[in-house]
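Please treat every number below as a calculation from the coordinates, not as lab data. Since this is a predicted model, take the numbers as computed values, not measurements. Here Cβ is always computed from backbone atoms with ideal geometry, including for glycine, and neighbour counts include all displayed protein chains.
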Amino acid sequence: MKNNLQHIDSEIFDIIELEKQRQQDYITLIASENYTSSAVLAAQSSCLTNKYAEGYPDRRYYGGCVEVDKIEKLSQERLKKLFGSDHANVQPHSGTNANIAAYFALCNSGDTILGMNLNEGGHLTHGSKVNISGKWLNSHTYGVDSNGLINYDRVQEIAKEAKPKVIVCGASAYPRQIDFSRFRQIADSVGAYLIADIAHIAGLIVANLHQNPVQYAHIVTSTTHKTLRGPRGGIIMCVKDLAKQIDGAVFPGTQGGPLMHIIAAKAVAFKEALQQDFVRYQTDVKNNAQTLANALKSRGLKLVSDGTDNHLMLIDLTQSKIGNNLTGKEVEDLLFKANIVVNKNTVPNERRSPFITSGLRVGTPAATTRGLQKNDFITIADMIADIIEYGQSSVQKVHAKVLDLCKKYPL
Ligand code: DSN
């Protein structure tokens, strides 16, 4: 029998079915994507989407919030437990919203912030001039050195000159550990607040595979759908003293009604992340990234910072021994034809536009969720290297191998 969606809107139903098949038939190596559990999906598509609940538990602007209050409280408590934080706000609709609210809590228009340069691994909301964080605030940036690493002494010098009110650390494309405690020392030395954006590495932090910034940063922001494997959304944690400011900056400062179905799905994801299995999964993510990185290097590909100690790596095509004339966009397109999905990415000292780029960002969280093992990641490295080395002529062969792999690991 046709299900309701199929009956009412077969156009949307059919496209969703096609996307389901695409997800089944492609290997996802986009470092920021993952597959949620069916429990998360169930909460996300529940009747909670029907409820308005502006405000916070026990302090709402609408009636009928008894049940959603319980959900938001559970979500907050689980999040606090997961990271050991004093205060949690689970309402941000996304990581971007979380960061904007964090600035809104601390800054006035025109205040100075210091964040990581977008081209060298940062995020749009860390002060990019095309984002509200770089337009509404006076943003300065730090980057990486010639080895692809954050040079903390240099960050200290820039902070001393810029005198920021806020330093933002965390990244979207940085393959190495981030020293949050050093960032806090730098922030303290110039009297700045420290915001740590852990969107990419949140899962690794939960599993104790990366330093936890909660004890160092005044505010910690994240998404919930990357390594954390929850629904699409954002979160903020902070020290007690800033709790009121953060809550006010999220609602009514920068958002209206919270998405209660998503807040429930976040709670489910936090419960899953509190299980021992989650630690095993994160350990696999990290080990698989190292396997992939080493195998790519052995084929002559150059990785920014020469490797990884988290879930992602950046291939620098300009420095690699193979595929030297290809751009990030060309390789992304060729890999897509072979059913491997990655994203082109700028590399340090990038000469090309963000639409073309000289690099690729590759990550293991989604494929690890799918169940791929160490040997599969060695195979994937060879497939990527074949595409880069032999171009179009290798696409058909790699495509057939990818389909075999996808069949072996159904979603
Ligand atoms: N777009 C995300 C990523 O891919 O890293 C960051 O917001």
remark   = As straight-line cross-link partners of LYS135, the qualifying lysines (C-alpha separation under 19 Å, not fewer than 8 residues apart within one chain) are LYS163, LYS165
message = Quick check: residue separation of LEU411 and ALA39 times 0.36 nm, minus the Cα distance between them. What number comes out in nm?
response = 132.5 nm
request  = With θ set to phi - 60°, apply the Karplus curve 6.51 cos²θ - 1.76 cosθ + 1.60 along the range 360-367 and write out the HN-Hα couplings as whole Hz, x wherever there is a Gly or Pro.
outcome  = 9, 9, 10, x, 9, x, 5, 5
message = How far apart, in nanometres, would the label points at VAL130 and ASN325 be if each is projected 7 angstrom from Cα along the Cα-to-Cβ direction?
response = 2.9 nm
task = Add +1 for every Lys or Arg and -1 for every Asp or Glu among the other residues with Cβ under 10 Å from the Cβ of PRO348, and state the total.
result = -4
Spherically averaged projected area of the range 127-280 from its Cα convex hull (nm²) = 10.1 nm²
task = Give a residue-ordered list of calculated ³J(HN,Hα) values for the range 305-313 (Karplus: 6.51 cos²θ - 1.76 cosθ + 1.60, θ = phi - 60°; whole Hz; x for Gly, Pro).
result = 6, 6, x, 8, 10, 10, 9, 9, 9
ask   = Roughly how many debye, to the nearest 20, is the charge dipole of the range 259-411 about its Cα centre, given +1 on each Lys and Arg Cβ, -1 on each Asp and Glu Cβ, and no other charges?
value = 120 debye
request  = Let me know the number of lysine pairs in the range 169-283 closer than 23 Å at the Cα, not counting same-chain pairs under 8 apart.
outcome  = 4
request  = Evaluate the range 276-411: find the radius of gyration of its Cα atoms, find its Kirkwood radius, and give the ratio Rg to Rh.
outcome  = 0.96
note = Hydrophobic long helices for the chain, i.e. whole DSSP H runs reaching 18 angstrom or more by Cα along the axis with Kyte-Doolittle mean at least -1.0, come out as 66-83, 260-273, 276-298, 374-390, 395-408
Built amide H within the under 5 Å cut-off of ARG232, gap 5+ = none
note = Computed ³J(HN,Hα) along the range 131-143: with the Karplus parameters 6.51/-1.76/1.60, θ = phi - 60°, integer Hz and x for glycine or proline, the list is 10, 4, 5, x, 9, 7, 10, 8, 9, 10, 10, 10, x
Nearby aspartates and glutamates by direct alpha-carbon distance to LYS51 (threshold 17 angstrom, same-chain neighbours under 8 apart not counted) = GLU67, ASP69, GLU72
task = On each of the three principal axes of the Cα atoms of the range 68-185, give max minus min coordinate, whole Å, ordered largest first.
result = 49, 31, 24
Exposed trypsin sites (Lys or Arg not before Pro) absent: longest stretch of the chain, with sites in DSSP loops and at most 15 other Cβ within 10 Å deemed exposed = 130-320
ask   = Which far-off residues, 5 or more places away or on another chain, put their amide H under 5 Å from the one on TYR193, with H placed in the peptide plane?
value = VAL166, ILE167
inquiry  = Relative to 2.2 N^0.38 Å, what does the C-alpha radius of gyration of the range 248-310 come to as a ratio? Two decimals please.
reply    = 1.80
remark   = In nm, the gap between the two label points placed 7 Å beyond Cα toward Cβ at GLN24 and ALA400 is 2.2 nm
query = Mind checking the dipole of the range 344-411: about its Cα centre, +1 per Lys or Arg Cβ, -1 per Asp or Glu Cβ, Debye to the nearest 20?
reply = 180 debye
message = Give me P(r) over the range 44-134, computed from all C-alpha to C-alpha distances, binned every 5 Å, as integer percentages.
response = 3, 11, 16, 17, 16, 14, 12, 8, 2, 0
note = Expressed in nanometres to one decimal, the distance between label points 7 Å along Cα→Cβ at ASP306 and LEU149 is 0.9 nm
ask   = Using the alpha carbon gyration tensor of the range 22-93, what are the three equivalent-ellipsoid semi-axes (square root of 5 times each eigenvalue), largest first, in whole Å?
value = 29, 18, 10
inquiry  = Less than 14 Å Cβ to Cβ from VAL402, Lys/Arg counted +1 and Asp/Glu -1: what total charge do the surrounding residues give?
reply    = +2
note = Percent of all alpha-carbon pairs of the chain at distances over 33 Å, whole number, is 35 percent
